[in-house]
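Notes to accompany the following structure.
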Amino acid sequence: MLNNKIYKYCGENVKNIILASASPRRQQLLEQIGIKFKAVPSNIEEVIDNTLEPSRIAMSLAGQKCKDIASGTAEDCIVIGADTIVVSGSKVLGKPKNEEDAFNMLSSLNGEWHQVITGLCLYRTGLNISLYDSETTKVRIAKKSDDFIKAYIATKEPFDKAGGYGIQGYGSLLVERIEGCYFNVMGLPIYKLSCMLDRLGYSINLDNI
């Protein structure tokens, strides 16, 4: 399924970008680098293959979203699919289901390192070419009291975020340090994405912003 061939499209540049996500953080990151795009969230039921290594789980989920939206698109465009997972030890953490789940999740990360992995799938509809890649960032959560964790959960910020925290919000008070791409922890590794877009015929030109 994974297509890792190196493509560099040298014809007419594609102009249309579709983000297969409703994430306001991913939309914000695309907007801040001047990419004009249309957000079309995928509502498919995600299929997780736990036999895969974590990076391939993330890429598989990104591919499912990307291909779902691309299948209903007639125009020549690039569809961006992304999925972010948190890995603690050998356990993949998703979004907490409730306050108890959020507390257990954050307690397991408390004072420890973990990995944040974002899988990317980009599909150029006019060329029938897909690219897959992933980015991994190591994150250390500071040692916090149970009362602090409960107060953070009370902000409601953890509930739409893998791992139960958001580095760009109140969750920044939990993050002691990171090793790797900060934007990856937000949900979209910008530099890696820009390289993949370039390979499919979309170059970000700051002169046109």
| note | The pairs in 15/192; 138/161; 67/138; 36/91; 38/150 lying past 26 Å Cα-Cα in this model are 67/138; 36/91; 38/150
| Roughly what percent of Cα-Cα pairs across the chain reach past 23 Å? | 45 percent
| 5 angstrom amide H check on residue 39, placed H, neighbours 5+ away | 19
| request: With a ≥ b ≥ c taken as the square roots of the eigenvalues of the C-alpha gyration tensor of segment 15-97, please select rounded if a/c is under 1.5 and otherwise prolate if a/b is larger than b/c or oblate if it is not? | output: prolate
| said: Give me, ordered by chain and number, the residues 5 or more places off residue 200 or on other chains with an amide H under 5 Å from its own placed amide H. | reply: 9
| field | Ranked by how many other beta carbons lie within 10 Å on average, peptides 31-37, 136-142 from highest | value | 136-142, 31-37
| query | So what's the back-of-envelope 222 nm ellipticity for the chain, counting only DSSP H runs of four-plus at -39500 (n - 2.57) apiece and dividing by all residues, rounded to 500? | reply | -8500 deg cm²/dmol
| query | Which value, in debye to the nearest 20, gives the size of the charge dipole of the chain about its Cα centre, when Lys and Arg are +1 and Asp and Glu are -1 at the Cβ? | reply | 280 debye
| message | For the ranges 153-162, 67-76, what's the packing order if you count other beta-carbon atoms within 10 Å of each residue, average per peptide, and put the highest first? | response | 153-162, 67-76
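Readers should treat all values here as calculations from the given coordinates under stated rules, not as data from a laboratory. Just so it is clear, the structure is predicted and the values come from calculations on it, not from any experiment. Please note: Cβ atoms are built from the backbone with ideal geometry, for glycine as well, and neighbour counts cover all protein chains shown.
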